[in-house]
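Quick notes on the structure that follows.
What follows draws every value from the coordinates through simple rules; no lab data is involved. Since we're looking at a predicted model, the values are computed, not measured. Every residue, glycine among them, receives a Cβ derived from its backbone with ideal geometry; neighbour counts consider all protein chains shown.
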Amino acid sequence: MKRLYGILWIVLLATTFGLKAQDVEFNASLSATEVTLNERFQLSFTLNASGSNFRAPDLSRHFKVLSGPNQSTQMSFINGKISSSMTYSFILMPINTGEFTIGPASIVVDGKVYKTQPLKIKVVKGSSATAQSQQNTRKKKKNDKLNLGDNLFIRIEVSKTQVYEGEQLTAVYKLYNRANLENISGEKLPEFDGFYTSEIDIKDNYSKQVIDGKLYDVYTIKKTVLIPQKTGKLKLKPLELEATVAVRVKQNTNSFWGPQYTYVRKNVKIKSNSVTIRVKPLPGGAPESFDGAVGQFTLKAALSPTELKVNDALNYKLTLTGTGNLPLINPEPPEFPVDFEAYDPKQKSNYSNKRGVIKGSKAWEYLLIPRHRGEYHIPAVAFTYFDPAAKKYITLTTDSFYVKVLPGENGEEIAPGGTTTYKKELERLGSDIRFIHTGNPRLHEKSDVFFGTVLYYLLLLMPSLIAVIAYAIISKREAMKRDTVTFKRTKATKIAVKRLRKAKKHLDAGETAPFYEEVFKALNGYFSDKLAIPVSELNKHNISSTLREKQVPDELIDEFNNVLETCEMARFSPAGGQDHQKVYERAKNVIVNLENHLK
Amino acid sequence: MKTRTIPILTLLLLLVYVSAFAETSAYYDSLVTRANTLYKNAQYDSAKSVYNKVIEAGYESDILYYNLGNAYYKTGDIPAAILNYERALKLNPSNKDAKYNLELANKYISDKIETVPEPLMKSLAINILHLMPVKMWSILSIVFAVIASALLLWFLLSNTSGSKRTAFFLAVAFYGLTLVFYLFAFASFRHIKATDRAIVFSPSTEVMSEPSGSATRLFVVHEGLKVGVVKTEGNWTNVTLPDGSKGWIRSDAIIII
């Protein structure tokens with residue numbers, strides 16, 4: 001708005017009033033003489049001098065005052081004379097229908113009171129009944145426009161009507177005038193929906209231009225760089241202004257000097273054309289690093305220094321230069337090593353829209369502080385923009401850097417948040433490791449752990465195996481022994497009988513010594529075989545106890561011992577006159593009886 | 001009578017074998033002694049290279065690693081010191097000096113990660129396991145196997161029910177102990193042969209979410225940190241940090257203990 005007023009100040013109204021500058025004129029005017037209910041109209045009081053103490057007529061009886069009094073003052077400098085004019089305007093809306101008279105307004109100029117002429121206005125119902133009159137009104141308005149059409153208009157001029165999303169274009173609003181423009185006012189400039197805008201300062205807003213052989217005064221109202229943020233058809237809304245134009249009318253008074261002209265102020269709405277911008281979406285297949293940058297750019301990364309000590313600072317700077325939607329671009333910084341403390345970047349912008357395009361550079365400066373020694377890599381930054389001229393994506397890659405971080409001053413680095421007390425403690429403990437072991441190092445081969453080797457498992461399992469095998473061998477041998485005992489036992493009687501038979505033969509032959517020997521052997525052998533006691537171990541006591549264990553009756557034991565004794569005695573003293581036959585019978589009976597008891 | 005001699009023979013064989021263990025090349029023993037002398041004279045770098053020569057020849061012992069760790073410590077190479085102390089402790093967990101010096105060396109590393117305390121039962125088991133080196137557990141298991149075998153034989157041969165019962169219970173008990181010692185030896189062996197621990201050697205390296213340089217960076221770790229190794233994938237190793245979190249690290253940034 002300010003700018004608009006600025007223009008208005010500059011607009012030099014032509015001195016087409018045809019009046020002497022000294023003549024004070026105070027006029028009232030209406031934007032329409034016939035209105036419908038709820039139709040807004042404007043009431044203006046114009047004074048061609050500077051006055052004071054303006055008093056408006058009573059309007060509130062029939063009208064609703066929507067706005068006003070709005071005062072505007074214009075100064076003109078024409079032909080070396082300064083003239084000023086003042087306008088008091090109201091925007092009114094009728095409350096009732098009917099014909100009303102707007103009373104005079106008064107103002108004081110140089111102590112004199114001036115009054116306007118009363119005005120008549122007809123208020124009709126805004127229905128079909130008044131269609132006729134409305135049509136008339138409209139026709140009238142149209143006529144106004146037609147009359148002014150070539151003389152006063154606004155135009156939107158754009159540098160391109162077809163752009164890619166994010167591609168910048170310039171829009172200029174220009175007022176072309178060759179009418180008697182007194183005053184223009186308007187509501188807010190339309191907003192640019194779907195665009196990022198960057199207004200261009202207008203330095204030289206006035207020029208002259210010839211169109212179709214007619215000379216126009218051209219005023220640049222607004223100049224903006226537009227960057228579409230949406231795709232599709234984006235409309236630049238028309239700009240609507242209200243202009244007060246002095247129109248020359250012929251008066252019916254026949255004067256001596258011929259027809260006299262007067263000028264009537266007319267309020268005219270002027271509307272610009274509207275422009276549709278076709279915003280094309282960016283082509284698909286954008287690289288991952290694309291983030292909406294459109295234009296032509298170069299990107300540079302710089303790092304200094306590349307070798308430093310822990311806790312010293314280094315600078316990483318990204319500079320983007322070119323034309324395009326620079327204000328909207330914020331390239332991703334590289335992933336700094338985690339051991340680097342990275343601060344938020346300082347951003348420096350150095351671009352302008354002076355030539356209708358946004359051009360220049362933008363820089364981001366990162367302050368980095370390494371907190372640990374080591375070799376670090378700062379990767380390259382990939383930045384992709386869309387070049388609308390070449391219609392393709394272009395990816396820029398900056399340099400990547402290696403940073404060598406040396407230990408700090410004290411040779412020790414402090415972890416972030418580390419304290420000095422901690423460090424001191426370390427130093428105290430530092431000289432404190434225990435001494436090496438100087439004895440036998442007890443070296444062994446790396447692969448030698450014994451466990452898991454074949455030998456280990458052999459040694460682990462062998463003893464059990466040996467035990468089992470040993471048991472098997474022992475028990476087999478025992479079994480064999482047991483077998484001979486049984487054999488002997490079963491054969492004992494047979495052998496004894498055999499021996500006794502042999503003894504009988506000796507007896508029959510009258511050989512007493514061999515006879516007794518055979519009987520003795522028969523008894524002893526029988527006993528030994530039967531009870532598995534070696535003959536050598538036999539003696540009287542031994543025999544008695546063994547037999548008693550086997551629960552052999554005592555008489556039988558005595559008899560056995562007696563026979564044995566007798567035989568033994570007879571063997572070594574054959575002289576004894578004994579009944580050989582009887583001994584033989586006794587031996588036979590003893591064996592038979594024992595056989596019965598030892599079953 | 002002959003049956004009794006078999007276990008005794010076995011034991012003898014065992015003793016011969018064990019004594020053979022102790023016998024190593026005297027040359028390498030002398031090398032260690034020379035390195036120890038260098039260390040005493042504060043020639044740590046020379047001492048290091050001599051100790052390393054012995055290791056390269058295929059010999060090791062907790063003492064060797066401990067001494068080498070000390071030499072690294074003295075020359076300021078903390079990660080290498082930590083690695084060698086850890087190796088010493090791996091061979092002989094009861095090496096108290098190695099434990100002490102390791103604790104000291106660990107104070108120099110940058111990452112102070114809160115360690116998750118191990119469950120009581122597990123730490124108890126580890127303590128018992130580390131009472132003896134794996135070789136001793138192996139020998140113990142063999143000795144008990146021999147005794148148990150003798151008891152088995154006694155059980156098999158005894159005639160009277162009383163002695164048979166005694167022999168049975170004793171044999172079962174000793175076989176049980178044999179099994180326990182075998183399991184200890186096995187667990188200890190697994191521990192020594194394990195490659196599931198490593199020390200970070202790169203001064204500063206990033207732990208990623210995936211085995212790729214373009215993955216999300218999870219943490220940054222520094223030299224000297226002990227990490228657990230889960231598996232390897234190409235040039236990347238999946239590691240667990242002391243606080244239990246997992247990630248992928250470049251394999252050349254770590255050395256297996």
Subject >> Potential lengthening between A:Ser545 and A:Thr33 on full extension [0.36 nm per residue; Cα-Cα distance subtracted] >> reply: 167.8 nm
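Work out the FRET efficiency for A:Ser352 and B:Ser212 from their Cβ-Cβ distance, taking R0 = 51 Å, and round it to the nearest 0.05. Please list the in-between numbers first.
Working: r = 44 Å, r/R0 = 0.86.
Between A:Ser352 and B:Ser212 the formula returns 0.70.
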Original post:
With axes computed from alpha carbons, what is the tilt in degrees of helix B:26-40 against the longest principal axis of chain B, rounded to the nearest 10 within 0 to 90?
Top reply: 40 degrees
**OP:** For the range B:33-143, give the magnitude of the charge dipole about the Cα centre (Cβ charges: +1 Lys/Arg, -1 Asp/Glu; no others), in debye to the nearest 20.
**Re:** 260 debye
Subject >> Two-site label geometry, A:Lys208 and A:Glu537: point separation in nm, points 7 Å out along Cα→Cβ >> reply: 15.9 nm
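Can you tell me how the range A:256-392 classifies by the Cα gyration tensor, rounded, prolate or oblate, using a/c under 1.5 as the rounded cut? Walk me through the numbers on the way to the answer.
Numbers: a/c = 4.72, a/b = 2.63, b/c = 1.79.
Cα axes put the range A:256-392 in the prolate bin.
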Original post:
Using a Gaussian network model of chain B with C-alpha springs under 10 Å, which one of B:Gly228, B:Gly162, B:Gly213 is most mobile by mean-square fluctuation?
Top reply: B:Gly162
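Taking other Cβ within 10 Å of each residue's Cβ, how do A:His377, A:His62 sort, fewest first?
A:His377, A:His62
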Subject >> Between the range A:483-555 and the range B:48-109, the alpha-carbon center distance in angstrom >> reply: 85 Å
Original post:
So for the pair A:Glu99, A:Tyr263, with labels modelled 7 Å out along Cα→Cβ, what separation do we get in nm?
Top reply: 3.1 nm
**OP:** Please give the contour-minus-distance gain from A:Lys120 to A:Glu478: 0.36 nm per residue of separation, less the Cα-Cα distance, rounded to one decimal in nm.
**Re:** 113.5 nm
Subject >> Between helix B:2-22 and chain B: long-axis angle, C-alpha atoms, 0 to 90°, nearest 10 >> reply: 20 degrees
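State to the nearest 20 debye the size of the charge dipole of the range B:135-257 about its Cα centre, where the only charges are +1 on K and R beta carbons and -1 on D and E beta carbons. Present the calculation step by step, with values, prior to reporting the outcome.
Numbers: 11 positive and 7 negative charges, 121 e Å.
I would put it at about 580 debye.
Just checking the output field for B:67-76: average partner chain Cβ neighbours within 10 Å of each residue's Cβ?
2
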Original post:
Taking the simple approach of a point 7 Å from Cα along Cα-to-Cβ for both A:Arg434 and A:Asn589, what is their distance in nm?
Top reply: 9.5 nm
**OP:** Holding the Cα-Cα limit at 18 Å, pick out from A:Lys230/A:Lys354; A:Lys309/B:Lys74; A:Lys222/A:Lys354; B:Lys48/B:Lys193; A:Lys494/A:Lys550 the pairs that are longer than that.
**Re:** A:Lys230/A:Lys354; A:Lys309/B:Lys74; B:Lys48/B:Lys193; A:Lys494/A:Lys550
Original post:
Where a Cα-Cα gap under 27 Å defines reach, which lysines qualify for A:Lys64, not counting those fewer than 8 residues away within the same chain?
Top reply: A:Lys115, A:Lys120, A:Lys122, A:Lys125, A:Lys139, A:Lys140, A:Lys141, A:Lys142, A:Lys188, A:Lys266, A:Lys269, A:Lys271
**OP:** Give me A:Lys530, A:Lys64 ranked fewest to most by other Cβ atoms within 10 Å of their Cβ, as a rough exposure proxy.
**Re:** A:Lys64, A:Lys530
**OP:** Using the charge dipole of the range A:269-414 (Lys, Arg: +1 at Cβ; Asp, Glu: -1 at Cβ; taken about the Cα centre), state which of A:Asn273, A:Ala363, A:Gly284 has its Cα farthest towards the positive end.
**Re:** A:Asn273
Original post:
Just B:Glu223, B:Glu56, B:Glu103 to compare: in a GNM of chain B, with alpha carbon springs under 10 Å, which one fluctuates most?
Top reply: B:Glu56
Subject >> Contour minus Cα-Cα distance for A:Val497 and A:Ile369 (0.36 nm per residue) >> reply: 34.0 nm
Subject >> Kirkwood hydrodynamic radius over Cα pairs of chain B, then Stokes diffusion coefficient at 20 °C and 1.002 mPa s, in µm²/s >> reply: 100 µm²/s
Original post:
Does the range B:130-257 come out rounded, prolate or oblate by the C-alpha gyration tensor, with a ≥ b ≥ c the root eigenvalues, rounded set by a/c under 1.5 and, if not, prolate when a/b is larger than b/c and oblate if not?
Top reply: prolate
**OP:** Just rank B:Thr237, B:Thr195, A:Thr36, A:Thr306, fewest to most, by other beta-carbon atoms within 10 angstrom.
**Re:** B:Thr195, A:Thr306, A:Thr36, B:Thr237
